[in-house]
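Read through the structure below, which is laid out as structure tokens, and then see the notes.
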Amino acid sequence: CVKEAGPEGGQVGTAPTGGPARLWNGTTGTAGPVLRGHIDQLISARFSPDGSLVSTASRDRTIRLWNVETGAQTAELHGHRSWVNDAVFSPDGQQVASVSVDWQIRLWDVADADSHVVLAGHQNDVL
């Protein structure tokens, strides 16, 4: 099970093994939007610094960005050739850095959902 708390503790994201991610109100415990879209197991979920977006990384080789309020998918990031282990936002929330079993780190621009930088050359999985 993946779990992540938002920057102010107002939101919590969970992803049970074999199921879609769900957002929760961290104050009241009320269930929020279900984040459906990945076709394989989720590995990580991370909130943006301002708490407006959450990224999810999956064994389906994608990263997805979601609007926290509505649960709407705002981007689907493709480029890794294997499982994506994690996808974290930069401190300013303008980029996402993803790491994968394909031995690469990719830097993605949140505004255009494009990978502008690929850091390759690792000799093993990047965690």
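Per residue, the chain exposes an accessible area of 52 Å² to a 1.4 Å probe, with every protein chain left in place. When the solvent-accessible area of the chain is split by element, carbon and sulfur atoms take up 50 percent of it, the probe being 1.4 Å. Computed from the C-beta positions of E8 and L107 and an R0 of 22 Å, the FRET efficiency is 0.25 to the nearest 0.05.
The packing ranking of peptides 4-17, 74-87, highest mean first, is 74-87, 4-17, where packing means the average number of other beta carbon atoms within 10 angstrom of each residue.
When a/c reaches 1.5 or more, the comparison of a/b and b/c decides; with that in mind, is the range 1-66 rounded, prolate or oblate per its Cα gyration tensor? Prolate shape, in that a/c is at least 1.5 and a/b is the bigger ratio. When the trypsin sites (Lys or Arg not before Pro) in the range 2-58 are filtered for DSSP coil states and for at most 15 other beta-carbon atoms within 10 Å of their beta-carbon, the remaining sites are R36.
The values are calculated or read from the model by the stated rules, or taken from the named source; none is laboratory data. Bear in mind that the values here come from a model prediction, so they are computed numbers and not experimental data. All Cβ positions, glycine included, derive from the backbone under ideal geometry; neighbour counts span all protein chains shown. When the accessible area is computed, the model is the full protein with side chains, heavy atoms only, and any ligands, DNA or RNA have been set aside. Shrake-Rupley method; radii C 1.70, N 1.55, O 1.52, S 1.80 Å.
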